[in-house]
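See structure below.
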Amino acid sequence: ELPGFYYDSEKNRYFRLLPGHNNYNPLTKESIQYKAMECKRLRLLEEEEKQKKKTTRAGLNSSVLLQKRQLGLLSSTSYCRLVHELKVNCMQRRKIEIHSPDSSVAGTNNFKIIVADVACERIFTVNDVEHGGCKYGIVNLSGLGKESLTVEMYDNLYFTNRKVLEKSLFSLTHFSKLCLMGIAETPGCASLLPASLFSSTNPGDRPGMLCSFKISTAWSCAWCLNPQADNCFSTGLTRRVLVTNVVTGHRQTFGTSSDVLAQQFATQTPMLYNGCRSGEIFSIDVRQRNRKGQSWKAIRIFHDSAVTSIRLLEAEHYLMAADMAGKIKLWDLRTAKCVKQYKGHHNEYAILPLHVNEEEGLLTAVGQDCYTRIWSLQDAHLLRTIPSPHPSSKDAIPSVVFSSRLGGSRGVPGLLMAVKQDLYHFSYN
(Lines give C-alpha, C1' and ligand atoms only; values in the text may rest on other atoms or scores of the structure.)
Protein backbone atom coordinates (compact mmCIF):
# COMPACT_ATOMS: atom_id res chain seq x y z
CA GLU A 1 0.00 0.00 0.00
CA LEU A 2 1.38 3.36 -1.07
CA PRO A 3 -0.09 6.57 0.44
CA GLY A 4 -2.09 8.47 -2.17
CA PHE A 5 -2.06 5.58 -4.68
CA TYR A 6 -4.17 2.53 -5.44
CA TYR A 7 -3.22 -0.64 -7.30
CA ASP A 8 -5.16 -1.78 -10.36
CA SER A 9 -4.76 -5.56 -10.66
CA GLU A 10 -6.03 -5.65 -14.27
CA LYS A 11 -3.50 -3.09 -15.56
CA ASN A 12 -0.83 -4.21 -13.09
CA ARG A 13 0.19 -0.71 -12.07
CA TYR A 14 -0.43 2.01 -9.49
CA PHE A 15 -2.63 5.09 -10.02
CA ARG A 16 -2.69 8.29 -8.04
CA LEU A 17 -5.80 9.10 -5.98
CA LEU A 18 -6.63 12.66 -7.12
CA PRO A 19 -9.30 14.84 -5.44
CA GLY A 20 -12.10 16.08 -7.67
CA HIS A 21 -14.25 19.19 -7.44
CA ASN A 22 -14.87 20.48 -3.90
CA ASN A 23 -12.26 18.00 -2.66
CA TYR A 24 -14.61 15.13 -3.51
CA ASN A 25 -12.73 12.00 -4.42
CA PRO A 26 -14.76 9.08 -5.82
CA LEU A 27 -11.68 6.84 -5.69
CA THR A 28 -11.42 5.89 -2.04
CA LYS A 29 -10.00 2.73 -0.53
CA GLU A 30 -13.51 1.79 0.58
CA SER A 31 -14.97 2.11 -2.92
CA ILE A 32 -12.09 0.18 -4.46
CA GLN A 33 -12.42 -2.60 -1.87
CA TYR A 34 -16.20 -2.72 -2.41
CA LYS A 35 -15.72 -3.03 -6.18
CA ALA A 36 -13.26 -5.89 -5.67
CA MET A 37 -15.60 -7.67 -3.23
CA GLU A 38 -18.54 -7.28 -5.60
CA CYS A 39 -16.53 -8.76 -8.49
CA LYS A 40 -15.57 -11.70 -6.27
CA ARG A 41 -19.20 -12.21 -5.19
CA LEU A 42 -20.48 -12.22 -8.78
CA ARG A 43 -17.74 -14.63 -9.82
CA LEU A 44 -18.62 -17.06 -7.00
CA LEU A 45 -22.33 -16.84 -7.84
CA GLU A 46 -21.57 -17.62 -11.48
CA GLU A 47 -19.43 -20.62 -10.48
CA GLU A 48 -22.17 -21.97 -8.23
CA GLU A 49 -24.78 -21.72 -10.99
CA LYS A 50 -22.59 -23.40 -13.62
CA GLN A 51 -21.54 -26.49 -11.72
CA LYS A 52 -22.21 -28.37 -8.55
CA LYS A 53 -19.94 -27.62 -5.64
CA LYS A 54 -17.23 -30.13 -4.88
CA THR A 55 -16.11 -31.10 -1.41
CA THR A 56 -13.13 -29.26 0.00
CA ARG A 57 -11.58 -32.54 1.18
CA ALA A 58 -9.51 -34.33 -1.47
CA GLY A 59 -10.82 -37.70 -2.63
CA LEU A 60 -14.10 -37.46 -0.75
CA ASN A 61 -17.23 -38.58 -2.61
CA SER A 62 -20.27 -40.71 -1.92
CA SER A 63 -18.98 -43.89 -3.58
CA VAL A 64 -15.67 -43.76 -1.70
CA LEU A 65 -17.49 -43.19 1.59
CA LEU A 66 -19.84 -46.10 1.01
CA GLN A 67 -16.96 -48.40 0.06
CA LYS A 68 -14.98 -47.48 3.18
CA ARG A 69 -18.07 -47.96 5.33
CA GLN A 70 -18.69 -51.45 3.89
CA LEU A 71 -15.06 -52.41 4.44
CA GLY A 72 -15.26 -51.32 8.06
CA LEU A 73 -12.73 -48.50 7.62
CA LEU A 74 -15.21 -45.87 8.83
CA SER A 75 -17.28 -45.89 11.99
CA SER A 76 -20.97 -45.05 11.73
CA THR A 77 -20.33 -41.69 13.42
CA SER A 78 -17.57 -40.70 10.99
CA TYR A 79 -19.60 -41.93 8.03
CA CYS A 80 -22.64 -39.82 8.98
CA ARG A 81 -20.46 -36.76 9.59
CA LEU A 82 -18.77 -37.03 6.18
CA VAL A 83 -22.12 -37.62 4.45
CA HIS A 84 -23.38 -34.36 5.96
CA GLU A 85 -20.28 -32.62 4.61
CA LEU A 86 -21.01 -33.93 1.11
CA LYS A 87 -24.61 -32.74 1.31
CA VAL A 88 -23.52 -29.27 2.45
CA ASN A 89 -21.16 -28.90 -0.51
CA CYS A 90 -23.86 -29.98 -3.00
CA MET A 91 -26.59 -27.58 -1.82
CA GLN A 92 -28.11 -25.55 -4.65
CA ARG A 93 -29.86 -22.19 -4.24
CA ARG A 94 -33.51 -21.76 -5.20
CA LYS A 95 -35.70 -18.73 -4.57
CA ILE A 96 -38.84 -19.27 -2.49
CA GLU A 97 -42.17 -17.76 -3.46
CA ILE A 98 -43.85 -16.12 -0.47
CA HIS A 99 -47.64 -16.16 -0.19
CA SER A 100 -49.67 -14.24 2.36
CA PRO A 101 -53.40 -13.88 3.12
CA ASP A 102 -52.81 -10.16 2.67
CA SER A 103 -51.33 -9.91 -0.82
CA SER A 104 -50.25 -6.32 -0.19
CA VAL A 105 -48.02 -7.41 2.68
CA ALA A 106 -46.06 -10.30 1.15
CA GLY A 107 -42.57 -9.32 0.05
CA THR A 108 -42.89 -5.62 0.86
CA ASN A 109 -40.64 -5.42 3.93
CA ASN A 110 -37.04 -6.45 4.47
CA PHE A 111 -36.27 -9.47 6.64
CA LYS A 112 -34.21 -8.54 9.67
CA ILE A 113 -34.05 -11.82 11.63
CA ILE A 114 -35.36 -15.35 11.09
CA VAL A 115 -35.34 -18.10 13.75
CA ALA A 116 -36.78 -21.63 13.58
CA ASP A 117 -38.89 -23.23 16.31
CA VAL A 118 -37.62 -26.33 18.09
CA ALA A 119 -39.04 -28.74 15.50
CA CYS A 120 -37.92 -26.50 12.57
CA GLU A 121 -41.47 -26.58 11.18
CA ARG A 122 -42.09 -22.84 11.35
CA ILE A 123 -39.94 -19.74 11.10
CA PHE A 124 -40.36 -16.71 13.34
CA THR A 125 -39.49 -13.49 11.47
CA VAL A 126 -38.77 -9.89 12.32
CA ASN A 127 -39.27 -7.50 9.41
CA ASP A 128 -38.38 -3.85 9.04
CA VAL A 129 -41.32 -1.54 8.37
CA GLU A 130 -41.01 1.26 5.82
CA HIS A 131 -42.15 3.99 8.22
CA GLY A 132 -39.75 2.75 10.93
CA GLY A 133 -39.86 0.05 13.57
CA CYS A 134 -40.43 -3.69 13.20
CA LYS A 135 -43.24 -6.20 12.81
CA TYR A 136 -43.41 -9.91 13.56
CA GLY A 137 -44.55 -12.86 11.49
CA ILE A 138 -44.64 -16.62 11.14
CA VAL A 139 -43.56 -18.50 8.00
CA ASN A 140 -45.18 -21.90 7.50
CA LEU A 141 -42.68 -24.27 5.84
CA SER A 142 -45.14 -27.01 4.85
CA GLY A 143 -44.89 -25.93 1.19
CA LEU A 144 -41.20 -26.77 1.06
CA GLY A 145 -42.07 -30.43 0.55
CA LYS A 146 -43.63 -29.73 -2.84
CA GLU A 147 -41.95 -29.36 -6.22
CA SER A 148 -42.67 -25.63 -6.30
CA LEU A 149 -41.00 -23.94 -3.35
CA THR A 150 -43.69 -21.85 -1.69
CA VAL A 151 -44.25 -20.74 1.88
CA GLU A 152 -47.11 -18.98 3.64
CA MET A 153 -46.32 -15.96 5.76
CA TYR A 154 -48.69 -14.61 8.41
CA ASP A 155 -48.20 -11.20 9.94
CA ASN A 156 -49.48 -10.38 13.41
CA LEU A 157 -51.32 -7.21 14.38
CA TYR A 158 -48.60 -6.08 16.79
CA PHE A 159 -46.06 -3.55 15.56
CA THR A 160 -43.30 -1.85 17.50
CA ASN A 161 -41.59 1.44 16.81
CA ARG A 162 -38.49 0.06 18.51
CA LYS A 163 -35.60 -1.82 17.03
CA VAL A 164 -35.55 -5.54 17.80
CA LEU A 165 -32.08 -6.47 19.02
CA GLU A 166 -32.39 -10.16 19.81
CA LYS A 167 -34.92 -12.82 20.49
CA SER A 168 -34.91 -16.09 22.38
CA LEU A 169 -37.31 -18.87 21.46
CA PHE A 170 -39.20 -20.91 24.02
CA SER A 171 -39.66 -24.65 23.65
CA LEU A 172 -42.59 -25.75 21.49
CA THR A 173 -44.61 -26.72 24.57
CA HIS A 174 -44.88 -23.04 25.46
CA PHE A 175 -45.75 -21.82 21.93
CA SER A 176 -44.39 -18.44 22.93
CA LYS A 177 -41.60 -16.09 22.05
CA LEU A 178 -39.49 -13.78 24.10
CA CYS A 179 -38.51 -10.71 22.13
CA LEU A 180 -36.11 -8.04 23.28
CA MET A 181 -36.70 -4.62 21.83
CA GLY A 182 -34.99 -1.32 22.39
CA ILE A 183 -32.84 1.42 20.95
CA ALA A 184 -30.14 3.45 22.61
CA GLU A 185 -32.05 6.73 22.69
CA THR A 186 -35.12 5.41 24.52
CA PRO A 187 -35.82 2.82 27.23
CA GLY A 188 -36.15 -0.69 25.90
CA CYS A 189 -38.47 -3.49 26.88
CA ALA A 190 -38.66 -7.28 26.89
CA SER A 191 -41.98 -8.50 25.52
CA LEU A 192 -43.58 -11.92 25.81
CA LEU A 193 -45.66 -12.71 22.73
CA PRO A 194 -48.04 -15.70 22.35
CA ALA A 195 -47.74 -17.69 19.14
CA SER A 196 -51.50 -17.36 18.62
CA LEU A 197 -50.77 -13.80 17.50
CA PHE A 198 -49.53 -15.33 14.25
CA SER A 199 -52.27 -17.91 13.76
CA SER A 200 -54.07 -17.90 10.43
CA THR A 201 -57.42 -18.73 12.06
CA ASN A 202 -59.79 -16.29 13.76
CA PRO A 203 -57.68 -13.15 13.32
CA GLY A 204 -60.22 -11.15 15.28
CA ASP A 205 -59.76 -13.25 18.39
CA ARG A 206 -56.00 -12.92 18.64
CA PRO A 207 -54.85 -11.90 22.12
CA GLY A 208 -52.49 -9.06 22.79
CA MET A 209 -49.05 -9.14 24.31
CA LEU A 210 -48.74 -11.42 27.35
CA CYS A 211 -46.53 -9.02 29.28
CA SER A 212 -43.88 -6.39 28.82
CA PHE A 213 -41.01 -5.40 31.09
CA LYS A 214 -39.38 -1.99 30.81
CA ILE A 215 -35.61 -2.38 30.61
CA SER A 216 -33.17 0.38 29.77
CA THR A 217 -30.06 0.12 27.58
CA ALA A 218 -30.50 -3.59 26.85
CA TRP A 219 -28.07 -5.43 24.56
CA SER A 220 -29.11 -9.08 24.75
CA CYS A 221 -31.62 -11.50 26.26
CA ALA A 222 -32.04 -15.20 27.02
CA TRP A 223 -34.88 -17.42 28.24
CA CYS A 224 -34.25 -20.10 30.89
CA LEU A 225 -35.45 -23.67 30.21
CA ASN A 226 -33.91 -25.10 33.38
CA PRO A 227 -36.61 -26.27 35.87
CA GLN A 228 -34.52 -24.95 38.78
CA ALA A 229 -35.00 -21.42 37.47
CA ASP A 230 -38.32 -21.78 35.64
CA ASN A 231 -40.22 -18.81 34.17
CA CYS A 232 -37.13 -16.61 34.20
CA PHE A 233 -35.36 -14.62 31.54
CA SER A 234 -32.20 -12.58 31.59
CA THR A 235 -31.24 -9.35 29.89
CA GLY A 236 -27.72 -8.10 29.34
CA LEU A 237 -27.50 -4.40 30.12
CA THR A 238 -24.81 -1.76 30.38
CA ARG A 239 -22.47 -3.04 33.10
CA ARG A 240 -25.02 -5.35 34.69
CA VAL A 241 -27.10 -8.49 34.24
CA LEU A 242 -30.79 -8.52 35.13
CA VAL A 243 -32.61 -11.81 35.82
CA THR A 244 -36.42 -11.46 35.92
CA ASN A 245 -39.14 -13.91 36.96
CA VAL A 246 -42.09 -13.33 34.58
CA VAL A 247 -44.63 -14.74 37.09
CA THR A 248 -43.63 -12.92 40.27
CA GLY A 249 -41.82 -9.98 38.71
CA HIS A 250 -38.89 -10.53 41.09
CA ARG A 251 -35.56 -9.24 39.76
CA GLN A 252 -31.95 -10.05 40.54
CA THR A 253 -29.14 -7.71 39.51
CA PHE A 254 -25.51 -8.68 39.00
CA GLY A 255 -23.00 -5.91 38.39
CA THR A 256 -20.39 -6.35 35.65
CA SER A 257 -17.42 -4.35 34.46
CA SER A 258 -18.61 -4.22 30.84
CA ASP A 259 -21.69 -4.29 28.60
CA VAL A 260 -23.21 -7.78 28.18
CA LEU A 261 -23.72 -8.46 24.45
CA ALA A 262 -24.53 -12.20 24.46
CA GLN A 263 -26.26 -14.59 26.87
CA GLN A 264 -27.39 -18.21 27.14
CA PHE A 265 -28.79 -20.32 29.98
CA ALA A 266 -27.59 -23.87 30.60
CA THR A 267 -30.31 -26.53 30.75
CA GLN A 268 -28.58 -29.11 32.95
CA THR A 269 -27.36 -26.65 35.58
CA PRO A 270 -28.85 -23.31 36.74
CA MET A 271 -26.03 -21.34 35.15
CA LEU A 272 -26.20 -18.25 32.95
CA TYR A 273 -23.31 -17.60 30.56
CA ASN A 274 -22.54 -14.04 29.49
CA GLY A 275 -20.30 -12.54 26.81
CA CYS A 276 -19.09 -8.96 27.30
CA ARG A 277 -17.82 -6.08 25.23
CA SER A 278 -14.51 -6.35 27.08
CA GLY A 279 -14.03 -9.89 25.71
CA GLU A 280 -14.76 -11.60 29.02
CA ILE A 281 -17.10 -14.62 29.21
CA PHE A 282 -18.36 -15.55 32.67
CA SER A 283 -21.09 -17.67 34.26
CA ILE A 284 -23.57 -16.90 37.05
CA ASP A 285 -25.41 -19.33 39.31
CA VAL A 286 -28.92 -17.81 39.19
CA ARG A 287 -29.91 -19.46 42.50
CA GLN A 288 -27.70 -17.13 44.52
CA ARG A 289 -28.75 -13.72 45.75
CA ASN A 290 -27.38 -10.44 44.52
CA ARG A 291 -23.78 -9.86 45.47
CA LYS A 292 -21.42 -6.96 45.11
CA GLY A 293 -18.05 -7.34 43.46
CA GLN A 294 -16.94 -10.17 41.18
CA SER A 295 -16.99 -13.08 43.67
CA TRP A 296 -20.12 -14.63 42.13
CA LYS A 297 -18.43 -15.32 38.77
CA ALA A 298 -17.97 -19.10 38.49
CA ILE A 299 -16.16 -19.53 35.14
CA ARG A 300 -14.10 -16.80 33.48
CA ILE A 301 -12.53 -17.02 30.01
CA PHE A 302 -11.34 -14.20 27.76
CA HIS A 303 -11.36 -13.16 24.11
CA ASP A 304 -9.24 -10.33 22.71
CA SER A 305 -12.30 -8.51 21.36
CA ALA A 306 -15.98 -7.94 22.17
CA VAL A 307 -17.94 -11.22 22.36
CA THR A 308 -20.98 -11.09 20.06
CA SER A 309 -22.42 -14.61 20.33
CA ILE A 310 -22.11 -17.63 22.62
CA ARG A 311 -23.58 -21.14 22.17
CA LEU A 312 -23.42 -24.02 24.63
CA LEU A 313 -22.98 -27.45 23.10
CA GLU A 314 -25.43 -30.16 24.08
CA ALA A 315 -23.30 -31.79 26.81
CA GLU A 316 -22.59 -28.28 28.17
CA HIS A 317 -18.90 -29.06 28.64
CA TYR A 318 -18.03 -26.87 25.65
CA LEU A 319 -18.95 -23.33 24.68
CA MET A 320 -18.67 -21.73 21.25
CA ALA A 321 -17.98 -17.98 21.16
CA ALA A 322 -17.53 -15.39 18.39
CA ASP A 323 -16.09 -11.89 18.73
CA MET A 324 -15.71 -8.64 16.80
CA ALA A 325 -12.25 -9.63 15.60
CA GLY A 326 -13.85 -12.36 13.48
CA LYS A 327 -12.56 -15.16 15.71
CA ILE A 328 -14.71 -18.17 16.57
CA LYS A 329 -13.37 -20.33 19.39
CA LEU A 330 -14.50 -23.54 21.07
CA TRP A 331 -13.80 -23.49 24.82
CA ASP A 332 -13.58 -26.45 27.18
CA LEU A 333 -15.40 -25.16 30.27
CA ARG A 334 -13.81 -27.81 32.51
CA THR A 335 -10.27 -26.57 31.83
CA ALA A 336 -11.13 -23.00 30.69
CA LYS A 337 -8.96 -23.50 27.61
CA CYS A 338 -9.57 -22.96 23.89
CA VAL A 339 -9.52 -26.33 22.09
CA LYS A 340 -10.46 -25.28 18.53
CA GLN A 341 -10.56 -22.14 16.42
CA TYR A 342 -12.74 -21.77 13.31
CA LYS A 343 -11.02 -19.48 10.81
CA GLY A 344 -12.51 -17.45 7.97
CA HIS A 345 -15.31 -15.58 9.77
CA HIS A 346 -15.42 -11.83 9.11
CA ASN A 347 -16.66 -9.32 11.68
CA GLU A 348 -15.51 -5.90 12.85
CA TYR A 349 -18.40 -4.30 14.72
CA ALA A 350 -21.70 -6.21 14.22
CA ILE A 351 -23.52 -8.49 16.68
CA LEU A 352 -23.85 -11.63 14.56
CA PRO A 353 -25.18 -15.02 15.76
CA LEU A 354 -23.65 -18.49 15.61
CA HIS A 355 -25.68 -21.54 14.55
CA VAL A 356 -24.48 -24.88 15.94
CA ASN A 357 -25.97 -28.11 14.58
CA GLU A 358 -24.40 -30.90 16.61
CA GLU A 359 -26.49 -33.69 15.06
CA GLU A 360 -25.06 -32.85 11.64
CA GLY A 361 -21.66 -31.84 13.06
CA LEU A 362 -21.80 -28.38 11.49
CA LEU A 363 -21.23 -24.76 12.50
CA THR A 364 -22.81 -21.95 10.45
CA ALA A 365 -22.16 -18.22 10.70
CA VAL A 366 -22.88 -15.18 8.50
CA GLY A 367 -20.09 -12.63 8.37
CA GLN A 368 -20.19 -8.88 8.10
CA ASP A 369 -19.05 -9.34 4.50
CA CYS A 370 -22.43 -11.09 3.87
CA TYR A 371 -20.84 -14.50 3.20
CA THR A 372 -22.39 -17.54 4.88
CA ARG A 373 -19.70 -19.98 6.03
CA ILE A 374 -20.12 -23.57 7.20
CA TRP A 375 -17.44 -25.43 9.18
CA SER A 376 -17.00 -28.98 10.43
CA LEU A 377 -17.49 -28.99 14.19
CA GLN A 378 -15.02 -31.81 14.70
CA ASP A 379 -11.87 -30.47 13.03
CA ALA A 380 -12.80 -26.80 12.32
CA HIS A 381 -12.39 -27.35 8.55
CA LEU A 382 -14.14 -24.70 6.41
CA LEU A 383 -16.53 -26.70 4.24
CA ARG A 384 -18.36 -24.07 2.24
CA THR A 385 -18.52 -20.32 1.66
CA ILE A 386 -21.85 -19.13 0.22
CA PRO A 387 -22.01 -15.64 -1.36
CA SER A 388 -25.08 -13.50 -0.82
CA PRO A 389 -27.53 -13.22 -3.75
CA HIS A 390 -27.63 -9.45 -3.09
CA PRO A 391 -24.77 -6.90 -3.15
CA SER A 392 -23.00 -6.63 0.21
CA SER A 393 -24.11 -3.81 2.49
CA LYS A 394 -24.74 -3.16 6.18
CA ASP A 395 -28.51 -3.51 5.77
CA ALA A 396 -28.29 -6.67 3.61
CA ILE A 397 -26.50 -9.12 5.94
CA PRO A 398 -28.32 -12.46 5.48
CA SER A 399 -30.12 -14.19 8.32
CA VAL A 400 -30.04 -18.00 8.08
CA VAL A 401 -31.59 -21.14 9.54
CA PHE A 402 -30.06 -24.56 8.92
CA SER A 403 -31.48 -27.99 9.74
CA SER A 404 -31.59 -31.48 8.28
CA ARG A 405 -35.26 -31.47 9.39
CA LEU A 406 -36.26 -28.10 7.96
CA GLY A 407 -40.00 -28.05 7.37
CA GLY A 408 -40.58 -31.15 9.49
CA SER A 409 -40.57 -34.79 8.38
CA ARG A 410 -42.32 -33.98 5.08
CA GLY A 411 -40.30 -30.88 4.36
CA VAL A 412 -37.14 -30.32 2.36
CA PRO A 413 -34.12 -29.99 4.68
CA GLY A 414 -31.35 -27.52 4.06
CA LEU A 415 -30.37 -23.91 4.57
CA LEU A 416 -32.97 -21.14 4.60
CA MET A 417 -31.58 -17.67 3.88
CA ALA A 418 -33.41 -14.34 4.22
CA VAL A 419 -31.90 -11.33 2.44
CA LYS A 420 -33.71 -8.04 1.94
CA GLN A 421 -37.28 -9.00 0.86
CA ASP A 422 -36.36 -12.45 -0.46
CA LEU A 423 -36.20 -15.98 0.93
CA TYR A 424 -33.84 -18.58 -0.53
CA HIS A 425 -33.65 -22.32 0.06
CA PHE A 426 -30.48 -24.39 -0.36
CA SER A 427 -31.70 -27.97 -0.80
CA TYR A 428 -30.01 -30.56 1.41
CA ASN A 429 -30.48 -34.03 -0.01
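The values are calculated or read from the model by the stated rules, or taken from the named source; none is laboratory data. None of the values given here were measured: they were computed from a predicted structure. Here the Cβ positions follow ideal geometry from the backbone for every residue, glycine too, while neighbour counts run over all protein chains shown. Remember, those area values only see protein heavy atoms, side chains included, never the ligands or the DNA or RNA. Shrake-Rupley method; radii C 1.70, N 1.55, O 1.52, S 1.80 Å.
If you take the residues of the stretch 244-277 that are open to solvent by less than 10 Å² (accessible area, probe 1.4 Å) and β-branched (Val, Ile, Thr), which of them is nearest to residue 336 (Cα to Cα)?
Here the answer is 260.
Is it the case that the stretch 114-137 has a residue that's modelled with pLDDT of 75 or more, open to solvent by less than 10 Å² (accessible area, probe 1.4 Å), under 22 Å from residue 370 (Cα atoms) and of a type outside the set (A, V, I, L, M, F, W, C)?
yes
Can you tell me which residue is modelled with the lowest pLDDT among those in the stretch 17-39 that are open to solvent by less than 60 Å² (accessible area, probe 1.4 Å) and not small (Gly, Ala, Ser)?
Among those that are open to solvent by less than 60 Å² (accessible area, probe 1.4 Å) and not small (Gly, Ala, Ser), it is 25.
What pairs come up if the first residue lies in the stretch 376-405 and is without any contact (Cβ under 8 Å) to a residue 60 or more places away in the chain and under 15 Å from residue 343 (Cβ atoms), the second is of a type in the set (Gly, Ala, Ser) and assigned to a loop (DSSP other than H, G, I, E, B), and their beta carbons are under 9 Å apart, counting only those six or more places apart or on different chains?
Between residues of the stretch 376-405 that are without any contact (Cβ under 8 Å) to a residue 60 or more places away in the chain and under 15 Å from residue 343 (Cβ atoms) and residues that are of a type in the set (Gly, Ala, Ser) and assigned to a loop (DSSP other than H, G, I, E, B), the close pairs are 377/361.
Identify, please: which residue in the stretch 40-55 is surrounded by 15 or more Cβ atoms within 10 Å (Cβ to Cβ) and within 20 Å of residue 379 (Cβ to Cβ) and is, among those, modelled with the lowest pLDDT?
Filtering the stretch 40-55 for residues that are surrounded by 15 or more Cβ atoms within 10 Å (Cβ to Cβ) and within 20 Å of residue 379 (Cβ to Cβ), the one modelled with the lowest pLDDT comes out as 53.
Can we say residue 309 is in contact with a Pro (Cβ under 9 Å, 6 or more places away or on another chain) and in the same structural domain as residue 245 (by the TED database)?
yes
Would a scan of the stretch 363-378 turn up a residue that is of a type in the set (Lys, Arg) and under 25 Å from residue 76 (Cβ atoms)?
no
Please work out if residue 73 is more than 27 Å from the chain's Cα centre (by Cα), at pLDDT 80 or above and open to solvent by less than 40 Å² (accessible area, probe 1.4 Å).
Considered against the rule, which asks whether it is more than 27 Å from the chain's Cα centre (by Cα), at pLDDT 80 or above and open to solvent by less than 40 Å² (accessible area, probe 1.4 Å), residue 73 comes out as no.
Among the residues of the stretch 199-233, what is the count of those that are in a strand (DSSP E or B), modelled with pLDDT under 80 and not β-branched (Val, Ile, Thr)?
Counting residues in the stretch 199-233 that are in a strand (DSSP E or B), modelled with pLDDT under 80 and not β-branched (Val, Ile, Thr) gives 4.
Go through (1) open to solvent by less than 40 Å² (accessible area, probe 1.4 Å); (2) closer than 30 Å to residue 78 by Cα one by one and return the number of the condition residue 297 breaks.
So residue 297 meets the others, but not (2).
Can you report the number of residues in the stretch 413-429 which are surrounded by fewer than 17 Cβ atoms within 10 Å (Cβ to Cβ) and modelled with pLDDT under 85?
So the count comes out to 1.
Take the residues in the stretch 380-401 that are at pLDDT 90 or above and over 20 Å from residue 44 (Cα atoms); name whichever of them is farthest from the chain's Cα centre (by Cα).
Here the residue is 380.
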